[in-house]
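The values are calculated or read from the model by the stated rules, or taken from the named source; none is laboratory data. Model, not experiment: these values are computed from the prediction. Cβ atoms come from the backbone with ideal geometry, glycine included; neighbour counts cover every protein chain shown. Just the protein is used for accessible areas: all its heavy atoms, side chains included, with ligands, DNA and RNA removed. Shrake-Rupley method; radii C 1.70, N 1.55, O 1.52, S 1.80 Å.
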Amino acid sequence: MGGAEVSLEHLYKVFTMPEGQDSKLAQIEKHLSDNLADFLSQHVVTKVNSLEQIEKSFAEYAVPESPEFVSKHAETLLEKLVANSVNTYSPTFIGHMTSALPYFHLPLAKLLVGLNQNLVKIETSKAFTPLERQVLGMMHELVYKQSSDFYSTYLHSANHALGAFCSGGTVANITALWVARNKALAATPQFRGVAQEGMAAGMMHYGYKKMGVICSKRGHYSLSKAVDILALGRQQMLTIDCPTQTLSAEQALKVGQQYQAEGNKVLAIVGIAGTTETGHIDPLDELAAVAKELGCHFHVDAAWGGATLFSQQHLKLLKGIEKADSVTLDAHKQMYVPMGAGMVLFKDPNDSNTVRHNAQYILRAGSKDLGATTLEGSRNGMAMMVYASLHIFGRKGYELLINQSIEKAQLFAKMIEQHADFELVTPPTLSLLTYRIVPQSIQSKLNKNPKIAHALNIELDKLTVAVQKRQREAGKSFVSRTRLQIEKYPDQSITVFRVVLANPLTTEVDLHNILDEQVSIATNTRTWKSLTQ
């Protein structure tokens, strides 16, 4: 068969006409529609190839000269891309925050692509703009619980925004600190503001030597990106050790007071509501008081844990979040929305105006264009996916999902504690936990003296790495790994397995099988044999 025809007529058909029902693309679409789980089981990670092998399939660097039939290209995608992709839907894929999605997102995604709205401006998103504003209002109310008059005033105000949709938590965190910076270095009669005159002029005008952000060492790496982008400098990311996995309010106050006594300015304190590595929640209520005493912005990164507010049983874990000046949420985590649905919310609807930009051709003053107060310009309408999920699940539906994830994590923690050859390292606050393999025969040695424990931990680190790598390569299941400092070993970080139990399809049997597989792998390693001899 020759290549596709190079003609305007052919290209017009690509834009306007679907291929026949017997085409490969049509078959893929039908298979997806009939049984998503079956499609994934047949097409995702069916080949065990190394990254280097996969890279060979994507080694051509020149743009193809001639067009290709859609069906032929669909077959190529199945073979090269889909067959080597990660099945994040799998109930044994429990190593990261990406999980199974509800089926209804598939047809909605087709609708989203078909409409191809651009949320930067009303003229390209007439209905999507008010929908996005409504979704931001719903999430704002979940966090801040303001009055009905408040939302009537600000929900669709051209001069205010309750927040901004973003591609994810990184952009949300950067946006929050961007607002904080512009507020801290605001305009005065003698100064036009940092947005107009820049950081050097702003620091000079206010008399600050440096400007920094305080958080624990469990803070997300996006915060480091933020201080870089905002010209504060990476060394002004003031991270505090947290052997208990949470930021000490007392330590934050001490660090902040010392920093400001040296002629600097604390821009913000960032509290984490669901750390990426362990799922812990900082003492938000106490940190809010510290931020007030230091006179700085209080931001809460709740990209992971924010959805806990749906649960009446567990929302108390986030006590104090309503005192935050800004909050980051990721709907593509525990709200089970496709990737690309982050949000930043502002307690004060005026805060968004500190970063407002206008342009005559697109973002005119006085319009309701969302791009005027968002870091990103062109964006798709992912708010529609969140809108649909909020209505299809409702608060009560999300509550069930959140509760069962936390219960499952608690169950898995018990299984680990009851197993002779495992050690639970950080018990779950939410649905994350960490643990490691520690052969029963050496567990008592770990408690004898620090020198023995230090040497044993080095060997246990090797064992954990080896097991995690081999389990990943085997392809039956997946857990991730990280390194932590914990109270038991204050002078030494240890390597641990990290598990995220957010997939509602994961069963108790799956969890038992994962532990059994890890023991089987471990007992066949040299490290296990040397430790247990």
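Quick one: which residue in 424, 433 is at pLDDT 95 or above, in a strand (DSSP E or B) and touching a Phe, Trp or Tyr at 6+ places or on another chain (Cβ under 6 Å)?
That would be 424, the only listed residue that is at pLDDT 95 or above, in a strand (DSSP E or B) and touching a Phe, Trp or Tyr at 6+ places or on another chain (Cβ under 6 Å).
Looking at the range 65-87, I want the residues that are under 14 Å from residue 49 (Cα atoms) and have a partner that is of a type in the set (Lys, Arg) with Cβ atoms under 7 Å, at least 6 apart or on another chain. Which pairs are those?
Close Cβ pairs satisfying both conditions: 83/47; 84/47.
Here is a check on your reading of the model: is residue 380 of a type in the set (S, T, N, Q), farther than 29 Å from residue 111 by Cα, open to solvent by 20 Å² or more (accessible area, probe 1.4 Å) and touching a residue at least 40 places away in the same chain (Cβ under 8 Å)?
So residue 380 fails the test.
Quick check on my filter: what residues within the range 149-167 are in contact with a helix residue (DSSP H, G or I) (Cβ under 9 Å, 6 or more places away or on another chain), part of a loop (DSSP other than H, G, I, E, B) and surrounded by 17 or more Cβ atoms within 10 Å (Cβ to Cβ)?
Correct list: 155, 160, 161, 162.
Answer yes or no as to whether residue 462 is open to solvent by 50 Å² or more (accessible area, probe 1.4 Å), in contact (Cβ under 8 Å) with a residue 24 or more places away in the chain and outside any strand (DSSP E or B).
So residue 462 passes the test.
Spot the failing condition for residue 202; the list is (1) out of contact with any Phe, Trp or Tyr (no Cβ under 8 Å at 6 or more places or on another chain); (2) surrounded by 24 or more Cβ atoms within 10 Å (Cβ to Cβ), and only one is missed.
Here residue 202 clears every test but (1).
Could you tell me whether the range 168-180 includes any residue that is among the β-branched types (Val, Ile, Thr) and either open to solvent by 50 Å² or more (accessible area, probe 1.4 Å) or within 21 Å of residue 295 (Cβ to Cβ) (or both)?
yes
Of the residues that sit in the range 102-116 and are assigned to a loop (DSSP other than H, G, I, E, B) and open to solvent by 50 Å² or more (accessible area, probe 1.4 Å), which one is farthest from residue 333 (Cα to Cα)?
Top of the filtered list is 116.
Within the range 395-419, which residues are of a type in the set (S, T, N, Q) and either open to solvent by 90 Å² or more (accessible area, probe 1.4 Å) or without any contact (Cβ under 8 Å) to a residue 12 or more places away in the chain (or both)?
418, the sole residue that qualifies.
Checking residue 123 against (1) open to solvent by 70 Å² or more (accessible area, probe 1.4 Å); (2) in a loop (DSSP other than H, G, I, E, B), which test does it fail?
Among (1) open to solvent by 70 Å² or more (accessible area, probe 1.4 Å); (2) in a loop (DSSP other than H, G, I, E, B), the lone unmet condition for residue 123 is (2).
Within the range 224-247, which residues are acidic (Asp, Glu) and touching a helix residue (DSSP H, G or I) at 6+ places or on another chain (Cβ under 6 Å)?
228
Looking for something on the phi > 0 side of the Ramachandran plot and either assigned to a loop (DSSP other than H, G, I, E, B) or within 32 Å of the chain's Cα centre (by Cα) (or both) - is there at least one such residue anywhere in the range 208-230?
no
Being in contact (Cβ under 8 Å) with a residue 12 or more places away in the chain, in a strand (DSSP E or B) and either more than 30 Å from residue 99 (Cβ to Cβ) or touching a Ser or Thr at 6+ places or on another chain (Cβ under 6 Å) (or both), is that true of even one residue in the range 497-517?
Yes, the range 497-517 contains at least one residue that is in contact (Cβ under 8 Å) with a residue 12 or more places away in the chain, in a strand (DSSP E or B) and either more than 30 Å from residue 99 (Cβ to Cβ) or touching a Ser or Thr at 6+ places or on another chain (Cβ under 6 Å) (or both).
Residue check: is residue 263 over 30 Å from residue 428 (Cα atoms), out of contact with any strand residue (DSSP E or B) (no Cβ under 6 Å at 6 or more places or on another chain) and not in a helix (DSSP H, G or I)?
Values: over 30 Å from residue 428 (Cα atoms): yes; out of contact with any strand residue (DSSP E or B) (no Cβ under 6 Å at 6 or more places or on another chain): yes; not in a helix (DSSP H, G or I): yes.
Yes; evaluated as a whole, the condition is true for this residue.
If you scan the range 207-239, which residues turn out to be β-branched (Val, Ile, Thr) and under 14 Å from residue 272 (Cβ atoms)? So that I can check it myself, show each step before the final result.
As a first pass, look at the range 207-239 and keep what is β-branched (Val, Ile, Thr): 213-214, 227, 229, 239.
Correct list: 213, 214, 239.
In the range 468-493, how many are out of contact with any Lys or Arg (no Cβ under 7 Å at 6 or more places or on another chain), open to solvent by less than 50 Å² (accessible area, probe 1.4 Å) and either assigned to a loop (DSSP other than H, G, I, E, B) or under 22 Å from residue 516 (Cα atoms) (or both)?
Of the residues in the range 468-493, 2 are out of contact with any Lys or Arg (no Cβ under 7 Å at 6 or more places or on another chain), open to solvent by less than 50 Å² (accessible area, probe 1.4 Å) and either assigned to a loop (DSSP other than H, G, I, E, B) or under 22 Å from residue 516 (Cα atoms) (or both).
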